[in-house]
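Worksheet: one structure, shown below.
The values are calculated or read from the model by the stated rules, or taken from the named source; none is laboratory data. Note that this is a predicted model, so its numbers are computed, not measured. Here the Cβ is made from the backbone with ideal geometry for all residues, glycine too, and neighbour counts use every protein chain on show.
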Amino acid sequence: MSAPDGSPVGAERSIGQLFASATADMSALVHDEIALAKAQLKQDVKRGATSGGAFTAAGVLLLFSLPMLNFALAYGIRTWSHWNLAVCFLLSFAANVLIAGFLALIGVVFAKKAKKGRGAQKVAASMKETAGVLQKAKPHPRPELPEDRVPQAIEAVARSSS
């Protein structure tokens, strides 16, 4: 078994190796955060496009189907029920309005979902939280080594800082 940088587990790693490992982990974290932001934005755009498509479909249906469907439906109702032709035209118009209203309702639902998504804000908040945690991070206390096992480089740094 080995550490992420390839050194065996339990082996002493230099400060440079530890720093390189931490830098690689931070880089991977930033790349993952960016990928998450892209995925969430893509989902929000997809919901917005679906909403726009539903609104467009509702408008096109109402605009282009009214004349043709109103005549066909009105004459069909007249043939079936023998009601006044004006009442039949009103019923056919009401049916078209109900269908357009249903499509508009679908558009509203998807628009609310797209507005509620806010993927970019979530990722930005997550990145700020990660940065805050890393700023407050303190190194783990290390056990004291016996005098005969202290490496020379650490001993030299300890003497120069005191």
Residue count, the stretch 35-44 (criterion: without any contact (Cβ under 8 Å) to a residue 40 or more places away in the chain and either over 19 Å from Thr130 (Cα atoms) or among the hydrophobic types (A, V, I, L, M, F, W, C) (or both)): 2
Tell me yes or no: at least one residue of the stretch 25-38 is assigned to a loop (DSSP other than H, G, I, E, B) and hydrophobic (A, V, I, L, M, F, W, C). no
Could you figure out which of (1) modelled with pLDDT of 90 or more; (2) surrounded by 10 or more Cβ atoms within 10 Å (Cβ to Cβ) isn't true of Leu61? (1)
So for the stretch 78-85 (the condition being charged (D, E, K, R) and modelled with pLDDT of 85 or more), does at least one residue qualify? yes
